[in-house]
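The values are calculated or read from the model by the stated rules, or taken from the named source; none is laboratory data. On a predicted model such as this, the values are computed, not experimentally measured, just so you know. As a convention, Cβ positions derive from the backbone with ideal geometry for all residues, glycine included, and neighbour counts pool all protein chains shown.
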Amino acid sequence: MSSRRAQIIRLRASIVGIEPEIWRTIDVDDSMSLVDLHRVLQVAFGWHDAHLHSFSDHDPSASANGIPRIGRRPRLWVDADSLGEFEGADGEDAADEAGASAREAMSFDGPLWYVYDFGDGWVHRLDVIDRDGVRAGEAPASIVAGERRSPFEDSGGEDGYRELTGILADARHPEHRSARGWVRSAAGPWGVTDPEDADLAGARAELAEVFADASWPEGSLIEEFAAGLHAPLRSNLRRHLRRTGVLDDAPLPDGVVADSVAPYRWLVERIGTEGVTLTKAGWMPPVVVREGMEQLGWRDDWIGEANREDLTYPMRHLRASAERLRLVRKVTGRLVLTTRTGRALGRPGALADEIAHGLLRQRMTEGQRVAGTIFVLGLADGTITSRRDAERTVVETLTALGYVDREGRDIDVRSFSGLVDPVLDVLRTLGLWRVNGRSRDVPPSAGVRAIARRALR
């Protein structure tokens with residue numbers, strides 16, 4: 001796109017034929033090519049860029065409605081690959097949209113028309129409502145205001161979308177449940193499903209990414225995860241992360257952090273700089289096991305002596321997960337801290353960072369890593385509050401991403417535990433869905449959510 005900033009114009013874009021109106025107010029550089037204006041409109045309305053499109057300076061529905069065209073010859077702009085299909089169609093001169101600017105396309109009085117998906121036929125009307133003059137240093141495009149989400153892809157045009165929204169609004173409709181399922185599928189993972197939600201914050205952030213070519217947090221796990229997604233899903237995810245604030249750096253009070261990592265903090269402080277000598281069988285000494293069960297508040301809910309690591313699974317899981325997180329390691333019959341953990345002694349925030357760093361870097365299969373990332377993302381953004389939420393989110397997202405089990409069948413809830421166990425083991429130790437050491441279907445704590453966010457960063 002040209003670096004020239006000739007003039008910023010304010011456009012009002014609305015989808016024709018939909019009530020209540022779906023609209024956006026957008027500022028664009030009038031030297032912007034129609035190729036880039038197409039990209040702006042796709043982001044502003046949340047389309048997936050999965051269908052053909054065109055621009056025209058005449059209402060494309062006029063002839064279809066029996067209105068004769070009188071006046072100058074209409075102009076039509078399409079992408080270069082589609083030129084052959086449109087040349088001379090319906091009296092219009094087709095031109096390559098890459099060679100036309102927004103200023104040129106709007107050189108006559110009246111609106112510019114943008115059509116997306118020739119099957120569903122979503123017609124957008126673009127009107128210039130203000131010309132502000134040159135704005136040095138401004139972004140090539142920005143989204144000022146808007147209301148309501150765009151129709152779902154492949155929802156059947158105006159009539160189909162009107163029927164769909166009616167079903168969604170009526171919880172007693174016999175097709176309500178299936179319609180909600182279809183909408184989740186059509187929106188794709190992390191896509192907005194509420195017809196009333198314009199997701200302007202997500203759209204603005206995505207538009208900045210489009211033109212600035214900004215990257216994900218460098219070296220982050222979420223960057224690695226996003227790299228394997230198709231472009232529409234990557235856009236969905238990026239907008240979702242911005243909308244939910246998952247990537248925002250919002251430090252928690254030290255007390256909250258300390259409470260969230262209490263089991264691992266006890267273990268690393270108990271091991272300390274001197275280490276702990278293991279039994280001949282390689283287990284922690286009974287006195288250490290008993291001490292941990294009592295100090296962590298796990299003893300009252302445990303039947304038995306609670307002094308043998310191999311028979312006391314809370315302590316066994318704590319030690320095993322600490323090794324997988326690379327907080328501790330065995331050296332010649334002793335359990336010692338790793339160098340990184342040693343530097344975190346006495347600093348709960350630093351220990352939380354170490355746990356977050358290792359959470360999704362444990363030794364896992366590809367499927368476990370993807371499932372674990374989806375699980376952690378759901379905890380970070382607040383969409384997962386219960387085990388049932390987790391099962392549904394992980395299974396539906398894996399299915400949408402095209403994953404199947406070893407037999408080639410769709411993933412189902414029976415696969416959930418095996419896929420997320422390495423991650424879930426750590427999170428349970430941190431208190432996920434537990435009260436006083438017992439499983440409870442309670443919302444994740446602020447500390448667990450904070451560690452989930454740090455893990456993604």
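Here are a few things to note about the model shown:
- Boolean, Arg149 is of a type outside the set (Asp, Glu), within 22 Å of Gly17 (Cβ to Cβ) and touching a residue at least 60 places away in the same chain (Cβ under 8 Å): yes
- Any hit, region 58-65, residues being in the same structural domain as Asp127 (by TED's automatic domain parsing), of a type outside the set (A, V, I, L, M), buried (at least 22 other Cβ atoms within 10 Å of the Cβ) and at pLDDT below 95: yes
- Qualifying residue in region 179-190 (condition: closer than 23 Å to Ile384 by Cβ and in the same structural domain as Arg103 (by TED's automatic domain parsing)): no
- One residue stands out among those in region 172-192 that are in a loop (DSSP other than H, G, I, E, B) and under 18 Å from the mean Cα position of the chain (by Cα): the one that is nearest to Trp23 (Cα to Cα), which is Val192.
- So Trp216, is it touching a helix residue (DSSP H, G or I) at 6+ places or on another chain (Cβ under 6 Å) and surrounded by fewer than 20 Cβ atoms within 10 Å (Cβ to Cβ): no
- Check on Leu247, in contact (Cβ under 8 Å) with a residue 40 or more places away in the chain, surrounded by fewer than 20 Cβ atoms within 10 Å (Cβ to Cβ) and either closer than 28 Å to Arg334 by Cβ or not assigned by TED's automatic domain parsing to the domain that holds Ile451 (or both): yes
- Test result for Leu237, crowded, with 19+ Cβ neighbours inside 10 Å and over 30 Å from Arg343 (Cβ atoms): yes
- Residues (touching a residue at least 60 places away in the same chain (Cβ under 8 Å), under 30 Å from Gly349 (Cα atoms) and of a type in the set (Ser, Thr, Tyr)) located in region 391-437: Thr429
- Restricted to region 314-431, the set of helices (runs of 4 or more DSSP H) holding at least 2 residues that are surrounded by fewer than 16 Cβ atoms within 10 Å (Cβ to Cβ), of a type in the set (D, E, K, R) and at positive phi is empty.
- Meets criteria (modelled with pLDDT of 95 or more and within 24 Å of Leu359 (Cα to Cα)) for Val328: yes
- Failed item in (1) farther than 30 Å from Ala186 by Cβ; (2) at pLDDT 90 or above, with Leu52 passing the rest: (1)
- Yes/no for Arg270 being under 18 Å from Leu430 (Cβ atoms) and not assigned by TED's automatic domain parsing to the domain that holds Ala446: yes
- Output for region 97-114, where each listed residue is of a type in the set (D, E, K, R) and more than 13 Å from Met32 (Cβ to Cβ): Asp109
- Cβ-Cβ distances below 9 Å connect the following pairs, each with a first residue in region 190-211 that is under 18 Å from Pro151 (Cβ atoms) and surrounded by fewer than 16 Cβ atoms within 10 Å (Cβ to Cβ), a second residue that is at pLDDT 90 or above and acidic (Asp, Glu), and a separation of six or more residues or different chains: Glu196/Glu147.
- Pairs are defined by a Cβ separation below 7 Å, a sequence spacing of at least 6 or placement on different chains, a first member in region 169-188 that is of a type in the set (Lys, Arg), and a second member that is surrounded by fewer than 16 Cβ atoms within 10 Å (Cβ to Cβ) and assigned to a loop (DSSP other than H, G, I, E, B); the pairs so defined are Arg184/Thr193.
- Residue satisfying all of: in region 193-213; of a type outside the set (Ser, Thr, Tyr) and outside any helix (DSSP H, G or I); modelled with the lowest pLDDT among these: Asp213
- Selected residue [of a type in the set (D, E, K, R) and farther than 22 Å from Asp36 by Cβ] from Asp117, Asp154, Asp127: Asp154
- First in region 438-457 and under 18 Å from Thr373 (Cα atoms) and buried (at least 19 other Cβ atoms within 10 Å of the Cβ), second anywhere and of a type in the set (Val, Ile, Thr) and modelled with pLDDT of 85 or more, Cβ under 7 Å, 6 or more apart: Pro444/Thr385; Ile451/Ile355; Ala452/Val376; Arg453/Val246; Ala455/Val376; Leu456/Ile222; Leu456/Val246; Leu456/Val376
- Cβ-Cβ under 7 Å pairs, at least 6 apart or on other chains, region 114-132 side in a loop (DSSP other than H, G, I, E, B), far side β-branched (Val, Ile, Thr): Gly121/Val115
- Condition broken by Ser235, with the remaining ones in (1) closer than 20 Å to Val394 by Cα; (2) of a type in the set (Ser, Thr, Tyr); (3) at pLDDT 90 or above satisfied: (3)
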